[in-house]
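Asks: Quick one: this structure, given as structure tokens, is what I'll be asking you about.
The values are calculated or read from the model by the stated rules, or taken from the named source; none is laboratory data. What you are looking at is a predicted structure, and each value in this text was computed from that prediction instead of being measured. Methodologically, a virtual Cβ is constructed for each residue, glycine included, from the backbone with ideal geometry; neighbour enumeration extends over all protein chains shown. Side chains are part of the model used for accessible areas, which takes the heavy atoms of the whole protein and leaves out ligands, DNA and RNA. Shrake-Rupley method; radii C 1.70, N 1.55, O 1.52, S 1.80 Å.
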Amino acid sequence: MHAYESHVVRTVTERVEVGMQRRATVVIHNTERALERALEFTPPHSSVRRVVIPNGYDNPPPDVEMDRATFKILFSGWLYPFMDPRALLKSTAALVTRHGLSPAELRIQFVGSADAMGDVALRDIFKAFGLEAYVDLVPRLQRERALEMQAQAAVLVAFDYPQPLCVVMKAYDYLQMPGALLLLADPGSSLAELGDRVGCRAVAPRDVEG
């Protein structure tokens, strides 16, 4: 994940960001860690006001419960190139094999994602893991319906963001849901720290056994 952005890109964008922050009147950060990191390369200035406004969430839908008939593993949102689903798919395939689960008993759902990662169709990736019959590729939905699907899931999957100071917004939605969290995050990242605070151990993105 750390290689998603090259050293050149990080160096150039940091310099641009320093200039922009020095000229700003108000700078909004979405975590305390992001504010602390910003102050390391842009010292406090009396003309710049800094505030922390965390990402928010909507309340879970009323009268929607976890689906007890089908074990659902759900990822909600866009599957970006830096998100590697192979460990998730490999571990899901092992779960299916170990317990002899049918497609009616287990579903892995990708809600709101594209149909491909780069030039590779997602369904071809699922087929490579023997999961083509177990996967639901759900197009983008109204937010209310997406929240209902999250509430019905047994496991809610969040991938880390390349910028370790940020927490992906869907994690805040997931915290309101009855299902278990599966946080695929590098150690020391903000998403891993969130997991520590709520009693959920984050798993390294390529840790199949974890």
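Asks: Scan the stretch 176-207 for residues that are under 21 Å from Ser113 (Cβ atoms) and in a loop (DSSP other than H, G, I, E, B) and report the count.
Replies: 5
Asks: Give me the pairs: first residue in the stretch 187-210 and without any contact (Cβ under 8 Å) to a residue 40 or more places away in the chain and within 12 Å of Ala158 (Cα to Cα), second residue among the basic types (Lys, Arg) and open to solvent by 70 Å² or more (accessible area, probe 1.4 Å), beta-carbon distance under 9 Å, and six or more apart or on different chains, which are they?
Replies: Final answer for the pair search is Ala192/Arg201; Gly195/Arg201.
Asks: For the stretch 49-73, give me each residue that is over 25 Å from Met169 (Cβ atoms) and among the β-branched types (Val, Ile, Thr).
Replies: Thr70, the sole residue that qualifies.
Asks: Still on this structure, please answer the following. Name the single residue, out of those in the stretch 38-49 being out of contact with any Ser or Thr (no Cβ under 9 Å at 6 or more places or on another chain) and modelled with pLDDT of 80 or more, that is nearest to Gln176 (Cα to Cα).
Replies: Filtering first and then ranking leaves Ala38.
Asks: If you don't mind, there's one more thing I want to ask. Which of the residues belonging to the stretch 104-120 are open to solvent by 20 Å² or more (accessible area, probe 1.4 Å) and touching a helix residue (DSSP H, G or I) at 6+ places or on another chain (Cβ under 9 Å)?
Replies: The first filter runs over the stretch 104-120 and keeps only residues open to solvent by 20 Å² or more (accessible area, probe 1.4 Å), leaving 104-105, 107, 114-120.
Glu105, Ala114, Asp115, Ala116, Met117, listed by residue number.
Asks: A further question follows. Being of a type in the set (Val, Ile, Thr) and out of contact with any Ser or Thr (no Cβ under 7 Å at 6 or more places or on another chain): is that true of Val26 here?
Replies: Here the answer is yes, as Val26 does meet what is asked.
Asks: Go through the stretch 24-36 and report how many residues are free of Cβ contacts under 8 Å to residues at least 24 places away in the same chain and open to solvent by 50 Å² or more (accessible area, probe 1.4 Å).
Replies: Counting residues in the stretch 24-36 that are free of Cβ contacts under 8 Å to residues at least 24 places away in the same chain and open to solvent by 50 Å² or more (accessible area, probe 1.4 Å) gives 2.
Asks: Additional query: Please determine, by comparing only the residues of the stretch 42-56 that are hydroxyl-bearing (Ser, Thr, Tyr) and open to solvent by less than 100 Å² (accessible area, probe 1.4 Å), which one is farthest from Gly188 (Cα to Cα).
Replies: Ser47
Asks: Still on this structure, I have one more. Suppose we filter Leu39, Leu95 for residues that are in a helix (DSSP H, G or I) and open to solvent by less than 50 Å² (accessible area, probe 1.4 Å); which single one remains? Break it down stepwise before answering.
Replies: Details: Leu39 fails: open to solvent by less than 50 Å² (accessible area, probe 1.4 Å).
So the residue among Leu39, Leu95 that is in a helix (DSSP H, G or I) and open to solvent by less than 50 Å² (accessible area, probe 1.4 Å) is Leu95.
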